[in-house]
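Right, one structure below, let's go through it.
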Amino acid sequence: MRIPVIAGNWKLFKTIAESLDLVNELKPLVAGNHGVEIVVAPVFTALSSINDAIKGSNISLAAQDCYWEEEGAFTGEVAPKLLKDVGCSHVIIGHSERRQYFGETDLTVNKKTKAAVSAGLKAIVCVGELLAERESEQTFSVIEKQIQGSLAGLAVEDFAHVIIAYEPVWAIGTGKTATDGQAQEVHAFIRKLITRLFNQSVADAVRILYGGSVKPDNVKGLMSQPDIDGALVGGASLKAETFAAIANFNV
């Protein structure tokens, strides 16, 4: 039985005070929901304050990125052990915006994933195709390349700390959402690919999230699909009521 994950990626929004207002408004709205793993990913500067605010609640803390080295002369980077130190249990790795704007590659995603897993964090590893790639029917080849590169060298036991997020880039922040069938088709492909690359038990257990304009009015349809195990939510996670409605899809 795969426990659903609903993760809110706050991206580059919210001061510390605004982040606290958001999470304090969210807490009572999701307090009774223990059937879903609820995660929020604020900006780095708000992590410590949010960690204090969610203590004793059913909300977990994620960072939006990490580096693969533990320490050293790497100005501006944050190591997984430092994220653990500030209270994070999860970290988002390889988001399409990191790939698109900051030169993230499958190789760097792989290094970061291994480092995060080694530090005991749950790595939410993102993959997804561009609109041109979908229109030219390259979706499956793109996803296969990203999965193979991003998860290369992981051991079977590492998958206890790996969550995959399928985010079609053309659906992020555009208002467009993959249909339930389109999303399920790719999620099923990823699960079969994990079976081939690792084994059936890993594929059966790994959680695969959908990301891309997830909203309260489409989450139930997506979550009804057999291979969709949750959502990585962007814009809709910036309002407590909206994000709670998504997180409470099962209530």
Just need a number here: residues in the stretch 97-145 that are touching a residue at least 24 places away in the same chain (Cβ under 8 Å), in contact with an Asp or Glu (Cβ under 6 Å, 6 or more places away or on another chain) and either among the basic types (Lys, Arg) or farther than 19 Å from ASP229 by Cα (or both). 3
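In the stretch 94-103, how many are outside any helix (DSSP H, G or I) and either surrounded by fewer than 20 Cβ atoms within 10 Å (Cβ to Cβ) or in contact with a Leu (Cβ under 9 Å, 6 or more places away or on another chain) (or both)?
First pass over the stretch 94-103, keeping only residues outside any helix (DSSP H, G or I): 94-95, 103.
Those still in the list that are either surrounded by fewer than 20 Cβ atoms within 10 Å (Cβ to Cβ) or in contact with a Leu (Cβ under 9 Å, 6 or more places away or on another chain) (or both) too: 95, 103.
Looking only at that region, the number is 2.
Looking at LYS112, LYS145 in this structure, which one is buried (at least 19 other Cβ atoms within 10 Å of the Cβ) and in a helix (DSSP H, G or I)? Walk me through it before giving the result.
Numbers: LYS145 fails: buried (at least 19 other Cβ atoms within 10 Å of the Cβ).
Testing whether each residue is buried (at least 19 other Cβ atoms within 10 Å of the Cβ) and in a helix (DSSP H, G or I) leaves just LYS112.
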State yes or no: is GLN225 polar (S, T, N, Q), touching an Asp or Glu at 6+ places or on another chain (Cβ under 7 Å), at pLDDT 95 or above and within 20 Å of GLU104 (Cβ to Cβ)? no
Which one of these is farther than 29 Å from THR177 by Cα, assigned to a loop (DSSP other than H, G, I, E, B), within 19 Å of the chain's Cα centre (by Cα) and at pLDDT 95 or above: GLY120, GLY153? GLY120
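Residues to consider are LEU82, LEU22, LEU61, LEU47; find the one that is surrounded by 18 or more Cβ atoms within 10 Å (Cβ to Cβ), over 18 Å from LYS122 (Cα atoms) and of a type in the set (A, V, I, L, M). Talk me through it step by step, then tell me what you get.
On the way: LEU82 fails: over 18 Å from LYS122 (Cα atoms); LEU61 fails: over 18 Å from LYS122 (Cα atoms); LEU47 fails: over 18 Å from LYS122 (Cα atoms).
Within the list LEU82, LEU22, LEU61, LEU47, the selection yields LEU22.
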Kindly check whether there is at least one residue in the stretch 26-39 that is among the hydrophobic types (A, V, I, L, M, F, W, C), under 18 Å from the mean Cα position of the chain (by Cα) and not in a strand (DSSP E or B). yes
Does the stretch 53-70 include one or more residues that are assigned to a helix (DSSP H, G or I), over 20 Å from VAL109 (Cα atoms), more than 18 Å from the chain's Cα centre (by Cα) and touching a residue at least 12 places away in the same chain (Cβ under 8 Å)? yes
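Can you say whether VAL109 is of a type in the set (A, V, I, L, M) and at pLDDT 95 or above, as far as the supplied structure shows? Walk me through how you get there before you give the answer.
On the way: of a type in the set (A, V, I, L, M): yes; at pLDDT 95 or above: yes.
Spelling it out, VAL109 is indeed of a type in the set (A, V, I, L, M) and at pLDDT 95 or above.
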Considering the stretch 192-251 alone, what residues qualify as being under 17 Å from the mean Cα position of the chain (by Cα) and assigned to a loop (DSSP other than H, G, I, E, B)? VAL206, GLY212, SER213, VAL214, LYS215, ASP227, ILE228, ASP229, GLY234
Restricting the search to the stretch 1-19, which residues are β-branched (Val, Ile, Thr), out of contact with any Lys or Arg (no Cβ under 9 Å at 6 or more places or on another chain) and surrounded by fewer than 21 Cβ atoms within 10 Å (Cβ to Cβ)? THR15, ILE16
Which numbered condition ASP106 fails, given (1) more than 21 Å from ALA205 (Cα to Cα); (2) of a type in the set (D, E, K, R); (3) surrounded by fewer than 14 Cβ atoms within 10 Å (Cβ to Cβ): (3)
All but one of (1) assigned to a helix (DSSP H, G or I); (2) closer than 26 Å to GLN200 by Cβ; (3) in contact with a Gly (Cβ under 8 Å, 6 or more places away or on another chain) hold for ALA160; state the number of the condition that does not hold. (3)
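The values are calculated or read from the model by the stated rules, or taken from the named source; none is laboratory data. Computed from a predicted model, the values in this text were never measured in an experiment. Neighbour counts run over all protein chains shown; Cβ positions are idealised from the backbone, glycine included.
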